[in-house]
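Nothing in this text is a laboratory measurement; each read-out follows from the coordinates by a stated rule. If you're wondering where the values come from, they're calculated on a predicted model, not measured in any experiment. For neighbour counting, all protein chains shown are included, and Cβ atoms are generated from backbone atoms with ideal geometry for every residue, glycine included.
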Amino acid sequence: GEHCTGAKVRVTLLNGGDDGFQQNVYGDLITVERNISLRASSGAAYRLLDEHGVCRSTSKKDLDSMLDQLNIQVENPVAVLDQEEAKKFLTGKAQDKYQFFAKATELERMDRS
């Protein structure tokens, strides 16, 4: 409504198999929670919840480790295509399309190394 001052976003991921992230801590599901607020941040930006909804971590380092372990590439426009990147790709110049390609294939990261 018009009086809302924030939102909570939750994404739940399967955490099974040989490549699961700290399965002894999180179990078969991991929920990443992000609170977005108009006011100054009050507490952690991210929370990692176990399969029962219990907060197990608020550490950015743990979030990054989980993303790495599960091979989730949030910066890769092919994995997560937001509206702005899609617009650049569809209406952009050849150089914009090459930048999209470089990000998607991780050439951009290799160039920075």
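Before moving on, here are some points about what is shown:
- Longest exposed-site-free window of the chain, the sites being trypsin sites (Lys or Arg not before Pro) in a DSSP loop that have at most 11 other C-beta atoms within 10 Å: 40-92
- Rg to Rh, two decimals, where the chain supplies the alpha carbon set and Rh follows Kirkwood: 1.05
- Listed cross-link partners LYS60/LYS103; LYS60/LYS97; LYS61/LYS97 are compared with a 24 Å cut-off, the Cα-Cα value being larger for LYS60/LYS97; LYS61/LYS97.
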